[in-house]
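Everything below concerns the one structure shown next.
The values are calculated or read from the model by the stated rules, or taken from the named source; none is laboratory data. All of these numbers come straight from a predicted model, not from anything done at the bench. Here the Cβ positions follow ideal geometry from the backbone for every residue, glycine too, while neighbour counts run over all protein chains shown.
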């Protein structure tokens, strides 16, 4: 079975109590022939470094990426070491995905918001360390470091991905990073604009725009799943994003902010103690569905497996290089992947490497 290098999935999608489920997901994903596994980080039982190690140890073909770990939660030397360890553990299948974090949580945890200058400085330092440099007396946006060094024999080419939503961050990704992972529930128009921003940033930096790999993230929830699960993975998931960073979601999609205000003011939403996709009952989620416009929820792959597969292929027509099938396990994705294989244009993705952050080979 040929590997679908252009498709990825999020391990332990959403909330989990059992991180060991990752092992079964890896085996199922490789059996399906998926290309890459992405690991998000939550501060409970989803530590990105631990899960990356597990994924690297039990996989043989999957690309593996953090998407994302935040630059402010680890010392730079720790992040560098996570990446070089994962790089060698996977035989070069690993990409380090970085992000700014969620502003609200950063404040609650006493973390500073990462700036574009900090991200740029961090990536430059990481690349120097991975190629054996000794850094002495560094004082810049990434921090003050009297001494940084991993090993004089190091010569590691590790792709770095930025998880980003806003236009300036996407342009930064094009200038500095090897790849970018977008966000779920982007409209078609937003996806096209986002890809253009990445390419524009690359051009401004004198880079080949096609060398920056852009991953669309598409909620993929086929109607072969039961109704409650579909409700949780669509309405619940979008509502949770709106709870956490609704203003940003509305701004990048050019949605009506008045809808967001009504959502926030709704007494059921306001009284829900936690993320709606995790703690919302069916009755609560059915109520929330009435608050969200159909066009907001339409930014996903839903319906029959064949319809979902066609929606995935449409992401490439909008400029994406690859697609993360979001919000579902490999077992849940199996019918969609089978339908996708029937529709997949032969040879279209032969230029893509397994590593999810590596540049296309043309």
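Before moving on, here are some points about what is shown:
- Verdict on residue 236 being over 19 Å from residue 182 (Cα atoms), in a helix (DSSP H, G or I) and at pLDDT 95 or above: yes
- Test set (1) buried (at least 18 other Cβ atoms within 10 Å of the Cβ); (2) modelled with pLDDT of 95 or more; (3) outside any strand (DSSP E or B) - residue 114 fails condition number: (2)
- Matching residues in the range 53-78 - criterion: being in contact with a strand residue (DSSP E or B) (Cβ under 7 Å, 6 or more places away or on another chain) and not in a loop (DSSP other than H, G, I, E, B): 55, 56, 63, 64, 65, 66, 69, 70, 76, 77
- Annotation note: of 137, 92, the sole residue that is at positive phi, in contact (Cβ under 8 Å) with a residue 60 or more places away in the chain and in the same structural domain as residue 47 (by TED's automatic domain parsing) is 92.
- Boolean, residue 123 is assigned to a helix (DSSP H, G or I), touching a strand residue (DSSP E or B) at 6+ places or on another chain (Cβ under 6 Å) and surrounded by 18 or more Cβ atoms within 10 Å (Cβ to Cβ): yes
- Cβ-Cβ contacts under 8 Å between residues 6 or more apart (or on different chains), taken from a first residue in the range 303-330 that is closer than 11 Å to residue 221 by Cβ to a second residue that is in a loop (DSSP other than H, G, I, E, B) and at pLDDT below 95, are listed as 326/13; 327/13; 327/14; 328/13.
- Residue identified as farther than 25 Å from residue 105 by Cα and outside any strand (DSSP E or B) among 23, 50: 23
- Residue match in the range 138-149 (condition: closer than 30 Å to residue 247 by Cβ, crowded, with 18+ Cβ neighbours inside 10 Å and either touching a strand residue (DSSP E or B) at 6+ places or on another chain (Cβ under 6 Å) or at pLDDT below 95 (or both)): no
- Identity of the residue in the range 184-212, surrounded by fewer than 22 Cβ atoms within 10 Å (Cβ to Cβ) and outside any helix (DSSP H, G or I), that ends up nearest to the chain's Cα centre (by Cα): 184
- Among the residues of the range 143-165, the ones that are under 14 Å from the mean Cα position of the chain (by Cα) and either part of a loop (DSSP other than H, G, I, E, B) or over 24 Å from residue 205 (Cβ atoms) (or both) come to 2 in all.
- Unique residue being assigned to a helix (DSSP H, G or I) and surrounded by fewer than 17 Cβ atoms within 10 Å (Cβ to Cβ) when the list is 91, 107, 132: 107
- Count of the range 34-67 residues, restricted to those that are surrounded by fewer than 23 Cβ atoms within 10 Å (Cβ to Cβ), closer than 23 Å to residue 129 by Cβ and modelled with pLDDT of 95 or more, is 6.
- Condition check for residue 64: in contact (Cβ under 8 Å) with a residue 12 or more places away in the chain and farther than 26 Å from residue 170 by Cβ: no
- Residue 25 passes every criterion in (1) farther than 21 Å from residue 216 by Cβ; (2) out of contact with any strand residue (DSSP E or B) (no Cβ under 6 Å at 6 or more places or on another chain) apart from (1).
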